[in-house]
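Every number here is computed from the coordinates shown, using simple stated rules; none is lab data. Note that the coordinates shown come from a computational prediction; the quantities given were computed from them, not determined experimentally. Here the Cβ positions follow ideal geometry from the backbone for every residue, glycine too, while neighbour counts run over all protein chains shown.
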Amino acid sequence: MSVIAVRELNLFYGNKQALYDINLDVESHSITALIGPSGCGKSTFLRTLNRMNDSVPHIKITGEVKVFGEDIYRHGVEVEGLRKNIGMVFQHPNPFPKSIYDNIAYGPRLHGMTDRHRLDEIVESSLKSAALWDEVKDTLKKPATGLSGGQQQRLCIARALAVQPAILLMDEPTSALDPISTAKIEELLEELKGTYTIVIVTHNMQQAARISDKTAFFLNGELVEFDTTPAIFQNPCDKRTEDYITGRFG
């Protein structure tokens, strides 16, 4: 089942076109990797999936993005509710300057949750889902900024999970991390796809090959090829895909 269905998506920054006629389906409980060289449109495309581009001046988007069958760009869509359902984790860990507990509780409180017992449950379950609970359960009142980089990124994943999204978007979530922290997050993503649908931008092709079910190769704003990950890496249909994954450019 397609959770996200993108049809003929074009995006313009003023007169400059950044995405060209993108067609792509994301299946439920899967990891979809977006790969390609810098500036090829991967992150721009990712941000169209929860309307994070809305605040960019002079942006124009045509085509259709449906999430669970609803066109998210139709007039009257409630963007705050949309983003509750589609969480986002960024390239660099960005914990709030608050305690570990308050970082996780922030989203539920924003959406009206005031019951302390229920907040405690959400904080614990979210940190457990992000494989961080055992490391921080005795220091929940300490500043989140005191955690290591890898722990901060797992905290940001837990913060995104706290509002119970269906979809998790991740923009190069391990690019600023060491190999051990990267491996922990990759293991975590494999577990999370049982509950969530994940779309991840990555420059690391080995990472895409390891963790994703499907891979989309972007180049100069075009979706060159989209297929199962083994097909993309072992038997690509387009020579540009082959040239990129074999290191001839990128």
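Here is how the numbers come out for the structure above:
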| read-out | value |
| --- | --- |
| Unit charges on C-beta of K, R, D, E only; dipole of region 60-125, Debye | 200 debye |
| Too-long pairs where the Cα-Cα distance tops 26 Å, listed order kept, from 42/239; 42/137; 66/214; 137/184 | 42/137 |
| Protection-proxy order for peptides 87-93, 19-25, 198-204, 175-181, each taking the mean of Cβ atoms within 10 Å per residue, highest first | 198-204, 87-93, 19-25, 175-181 |
| Shape of region 114-182, Cα gyration tensor, a/c cut at 1.5 | oblate |
| Sparsely packed trypsin sites (Lys or Arg not before Pro) within region 103-163, loop by DSSP, other Cβ within 10 Å at most 15 | 137, 141 |
| DSSP beta bridges in region 103-229 [antiparallel fraction, %, rounded to 5] | 55 percent |
| Beta bridge orientation in the chain: antiparallel %, DSSP, nearest 5 | 60 percent |
| Region 25-77: C-alpha gyration tensor shape, a/c 1.5 cut-off, then a/b vs b/c | oblate |
| On Cα atoms only, tilt of 149-161 relative to the major axis of the chain in degrees | 90 degrees |
| Potential lengthening between residue 2 and residue 246 on full extension [0.36 nm per residue; Cα-Cα distance subtracted] | 84.8 nm |
| Among 99, 9, 81 the positive-end extreme of the charge dipole of the chain (Cβ point charges) | 99 |
| Local net charge near residue 31, Cβ-Cβ under 13 Å (Lys/Arg +1, Asp/Glu -1) | -3 |
| Electrostatic dipole magnitude of region 1-154 [Cβ: Lys, Arg +1; Asp, Glu -1; Cα centre; debye, to 20] | 420 debye |
| Cβ-placed point charges (K, R +1; D, E -1), dipole of region 127-242 about Cα centre in debye, nearest 20 | 480 debye |
| Expected 222 nm ellipticity per residue - DSSP helices of 4 or more, -39500 (n - 2.57), all of the chain, to 500 | -10000 deg cm²/dmol |
| Spatial separation of Cα centroids for region 1-22 and region 79-117, in angstrom | 28 Å |
| Rounded to 10°, Cα long-axis angle of helix 116-129 versus longest principal axis of the chain | 50 degrees |
| Label point distance in nm, residue 183-residue 139, each placed 7 Å from Cα along Cα→Cβ | 2.2 nm |
